[in-house]
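As C-alpha cells, the structure follows; a few thoughts come after it.
The values are calculated or read from the model by the stated rules, or taken from the named source; none is laboratory data. If you're wondering where the values come from, they're calculated on a predicted model, not measured in any experiment. Here the Cβ is made from the backbone with ideal geometry for all residues, glycine too, and neighbour counts use every protein chain on show.
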2 protein chains.
Amino acid sequence: MSILSQRALRAPASPIRKLEPLARQAAERGLTIFHLNIGQPDIPTPPAFLQQARLEPGAVLAYSPSVGLYPYRKALAKYYASLGMPVEEKDILVTTGGSEALLFCLMALCDAGDEVITPEPYYPNYGAFANMAGATLVPLPTRIEDGFRLPPSEAFAAAITPRTRAVLLCNPSNPTGALYSREALEGVLKLCREHGIMLICDEVYRDFVYGEQRPMSALSLPGAGEHCVIIDSLSKRFSACGARLGCIISLRSELIDATTRFAMSRLSPPTLGQLGGIGVLEDPGPFVSSMISEFRSRRDVLMEELRRLPGVFAPEAQGAFYLMTRLPVDSSERFCSWLLSDFSHEGQTVMLAPGPGFYRTPGSGQDEVRIAYVLAEKPLRRAVELLGIALKAYPGRVEPVSRSF
Amino acid sequence: MSILSQRALRAPASPIRKLEPLARQAAERGLTIFHLNIGQPDIPTPPAFLQQARLEPGAVLAYSPSVGLYPYRKALAKYYASLGMPVEEKDILVTTGGSEALLFCLMALCDAGDEVITPEPYYPNYGAFANMAGATLVPLPTRIEDGFRLPPSEAFAAAITPRTRAVLLCNPSNPTGALYSREALEGVLKLCREHGIMLICDEVYRDFVYGEQRPMSALSLPGAGEHCVIIDSLSKRFSACGARLGCIISLRSELIDATTRFAMSRLSPPTLGQLGGIGVLEDPGPFVSSMISEFRSRRDVLMEELRRLPGVFAPEAQGAFYLMTRLPVDSSERFCSWLLSDFSHEGQTVMLAPGPGFYRTPGSGQDEVRIAYVLAEKPLRRAVELLGIALKAYPGRVEPVSRSF
C-alpha cells in the first residue's frame, strides 16, 4: 500500500515548470533561452525595500506576530484606504505570499467535497490549493475570441450547487491578461450575496492595468463588505517575489479569525520581508508608476510584434503581464517542447507555457500558450521574432482557417 | 449558515498565545514581565547570517526554486552527512519553517479521518496541522514522574489502527524537555516498519542536548531509510526564527516528490533567509557550541532554582529549552492568568504556558506548566524566584502530599 494520501497522489506538478528539464538540456547545449514562461519580473526591487529588509549584527531575527508586524499592517491599511477600501489593521492578516493567503482562505471556507467556481483558463495553483483543502475547482469557460471576459452572472448562477462555497477570480487575470469591468464584478458579487457564498478576489496584479481603468479592488464595490475576501501580495507590486509576503483582507471578521488561527500554527510570516515592506509602503516614491509605464511599453511591443505573425490570434492584453495567445499549432504542449528540444535560430530559442495547464476541461487550450512579458523591449522583440520563425518551421503547424472560430 | 468550513470551526487558537491580552494589560499597568512562556530565544543571530541575508541595491529579490536554492540544499546535505545521515540534496525539500514541513508531511501522508500517534504532552501546533490535513492526532500519555520518557513499543502498538499513517515524535521534546534514547527510538522505528507506517521525527532542537548523548537524528538509525521523515529548521539552531526556513528530509522519494508538488504550488520559500543560511552553514564557526553552552548553564540555573521551591516537581531537563513542571496549584490555567492579572512583586511578574494546552486528554496537565528557559542567568533566577513568591501567595495553592503520585 502506498504511504501517500489520496490528496498527495492527486497533487498536480506545476504545468509551468514541467518543461524545465528540457530547458536545462537546451541551456547545456549552449542555447540562449528567452523566458516568456514564468512570472518572475526582471525589475530591480526598490532599493528602499532591500535596505530595510535587513538587520544589523547583534540583532535577533525573531518571529513576528502571527498576523504580521503591526507597523506593516498599518502601512498596508493606509495603502488600501487610498484605494477606497474600507480597511483597518484588524481586517488584514499578513501571510507568507499570496499563495498561503489562498490556501488559508480555501481551507477556511471549504471542507472535503465543497466547490469553488473559477473562470477558465485559471492560474494552475488554484487547483493545487483546492486539492490541498479537499475542495473541487469548478471551471467556468471563457473565450479567447472576446478577450476572456467574465461570463455573465447567469453562467455563474448555473454552476452554483449546494456544495458551492465561493467564486474565485483573478483580476487582472493571470493567465489571460483580461481586466474585468466594474459592472461584471458587481454582477458576480450580487450573485454571491444572494447565495450566501464568498467572492475571493486575487488582486496581486491590481496595479498592472494599461488602459483607462484605474487600479481598483472588488472590496471597494458597494455592498462588498460581507461577501468579499481579497488576496494580495508584495511580490509583483514591489518586484519582491522572494520576500514571500501576501495578505488576506476581509471585513468578514470570522474569516479573519479562522485564518488567524491557521496562521498562529505556522507562527509567523517572514520577518525581513516585512521590514522591507514597511520601507516601501511608507514611502513608495515613483517606483510603482514607473514600473507600470515599463510594462505598458512592453505590452505595446508584445501586441505590435504578435500582430505581425500570420495565424496568431492575440486578444488585447489589458492587465497583469500575461497574455493567453492562440497559435497555429497542432498541440501547444508539443510545440513548446519542440522549441526547447528541436528548434534554434542563431543559437537562441524561446520558452512558453503551454495552454492546457491552465484548463481543467479536457481538450481545452491545445492551441494556446501563456506569454509572460517580463523582458525588456529588445529581448522581447527578439523573443516574439523567434516565435514567428519557429512557427514557420514547426512540423505540426496547422492553418488557422481550418479551425472553427 | 456559517461561511466557515468544519476545519475552520475546529481550528484551535494557540494555547501559548492565549494569555497575551492579560500580558498586554499587565504591561500597560507598568509591570515588568519575565517571559518563560514562548520559545523565542534572546540569542543574537550569527552576524554571518544577517550579513548574507541581504541583497544590494539593483538586485531583484526573486523566487528561489520551489525546493530551495541549490547551494542552500547542498550546504544542508553536508551538515546532515556530518551527523551520519545518508542524505543528498535530492532528499531535502526546503520549506517555509519547520511549520510548513510538518503541514506538508501530514498532508502527504493523511486523508480525512486518518490517524497520527504522538506522545502526550505535545507541541500544540501538531494538533492544528493535523486538523488542517483532516487527520486525527492520537495522544499516547507519558508521565512527568519518569521524565516523560517514550512509552514502550507495546503502548504504540496498542494505539495503531487501520487508519494509522504515522507516529510523530519531537526529539528533543518541546514541551517536555525529554531526550529519547537510541533504544527507544529503534523500538518505535521497528514498529513503524512492521506496520508500513512512517516515523515523522521533528528534530528542530537536535543540537539542544545537555548530557552525554551527542546530537543525533533518527535517520541515522539502521533501517530508518524507508520509514523515516525528518522535520528540521534553522530557527533554533541559528537563532533565526523570523527567517522562516525549515526542511523535510527523507530517503522515501515518493514522499519528497509529493511534498515537492505541494511546494511548487506555493512557489518558493523565503529567499533572503536562504542566503543567510548558506552563510552560516558553510562556516558555522563556534556559534552553535557556544549557544548550547549558554543553554546548558541556563538549564542548570533553572533546575537549581526550581529545586528550592517547595511543592514543585521538575524532572531533569535533558534537551530543547523547555521543561514541563508540576506546580502545587489547583489549576495551572487559573494560576497563569492570576500571575498576570493579580500578582506582582516589586513591579514584576512572570509568564508561563499552562499545561492543559499541551494535552488532548481532558483533565490532563492541570497542575503543569511549560517553562521556556530563554532568559539569561540573572533574569532567569529572578523569574523562578518570582514563581516561588507567587506560589506562596496564590489562593488556589494545593499541597502536593494531597495528590496521588
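Residues are listed down the side, and each one gets a yes or a no for (1) touching a residue at least 40 places away in the same chain (Cβ under 8 Å); (2) more than 28 Å from residue B:266 (Cα to Cα); (3) of a type outside the set (Asp, Glu); (4) surrounded by fewer than 19 Cβ atoms within 10 Å (Cβ to Cβ):
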position	(1), (2), (3), (4)
B:6	no, no, yes, yes
B:23	yes, yes, yes, no
B:28	no, yes, no, yes
B:41	yes, yes, yes, no
So if I check each of A:36, A:76, A:19, which one is hydrophobic (A, V, I, L, M, F, W, C) and within 30 Å of residue A:223 (Cα to Cα)?
A:76
Answer residue from region B:173-210, given it is among the β-branched types (Val, Ile, Thr) and away from chain A (no Cβ under 14 Å) and is surrounded by the fewest Cβ atoms within 10 Å (Cβ to Cβ) among those:
B:209
Contact list, first residue from region A:108-120 and in a loop (DSSP other than H, G, I, E, B), second anywhere and among the aliphatic types (A, V, I, L, M), beta-carbon distance below 6 Å, six or more apart or interchain, is A:110/A:133; A:110/A:135; A:112/B:112; A:114/A:135
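For region A:279-304, which residues satisfy the criterion of being of a type in the set (A, V, I, L, M, F, W, C), surrounded by fewer than 20 Cβ atoms within 10 Å (Cβ to Cβ) and touching a residue at least 60 places away in the same chain (Cβ under 8 Å)?
Answer for region A:279-304, where residues must be of a type in the set (A, V, I, L, M, F, W, C), surrounded by fewer than 20 Cβ atoms within 10 Å (Cβ to Cβ) and touching a residue at least 60 places away in the same chain (Cβ under 8 Å): A:288, A:292, A:301.
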If a residue must be in contact (Cβ under 8 Å) with a residue 60 or more places away in the chain and either closer than 30 Å to residue A:283 by Cα or assigned to a helix (DSSP H, G or I) (or both), how many such residues does region A:180-205 contain?
4
Suppose we filter region B:136-160 for residues that are under 16 Å from residue B:192 (Cβ atoms) and either part of a helix (DSSP H, G or I) or touching a Ser or Thr at 6+ places or on another chain (Cβ under 9 Å) (or both); how many remain?
11
Just one of B:45, B:32 is out of contact with any helix residue (DSSP H, G or I) (no Cβ under 7 Å at 6 or more places or on another chain), hydroxyl-bearing (Ser, Thr, Tyr) and within 9 Å of chain A (Cβ to nearest Cβ); which is it?
B:45
Any residue that is touching a Cys at 6+ places or on another chain (Cβ under 6 Å), not basic (Lys, Arg) and not assigned by TED's automatic domain parsing to the domain that holds residue A:141 - is there at least one of those in region A:391-402?
no
Looking for something surrounded by fewer than 23 Cβ atoms within 10 Å (Cβ to Cβ) and either part of a strand (DSSP E or B) or not hydroxyl-bearing (Ser, Thr, Tyr) (or both) - is there at least one such residue anywhere in region B:227-244?
no
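This table checks each residue for (1) closer than 27 Å to residue A:6 by Cα; (2) at the interface with another protein chain (Cβ under 10 Å from one of its Cβ atoms); (3) among the hydrophobic types (A, V, I, L, M, F, W, C); (4) out of contact with any Leu (no Cβ under 6 Å at 6 or more places or on another chain).
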position	(1), (2), (3), (4)
B:51	no, yes, no, yes
B:67	yes, no, yes, no
B:78	no, no, no, yes
B:93	yes, no, yes, yes
B:107	yes, yes, yes, yes
B:133	yes, yes, yes, no
In region B:211-257, residue nearest to the other protein chains (Cβ to nearest Cβ) [restricted to those that are under 19 Å from residue B:294 (Cβ atoms), hydrophobic (A, V, I, L, M, F, W, C) and under 14 Å from the mean Cα position of the chain (by Cα)]
B:241
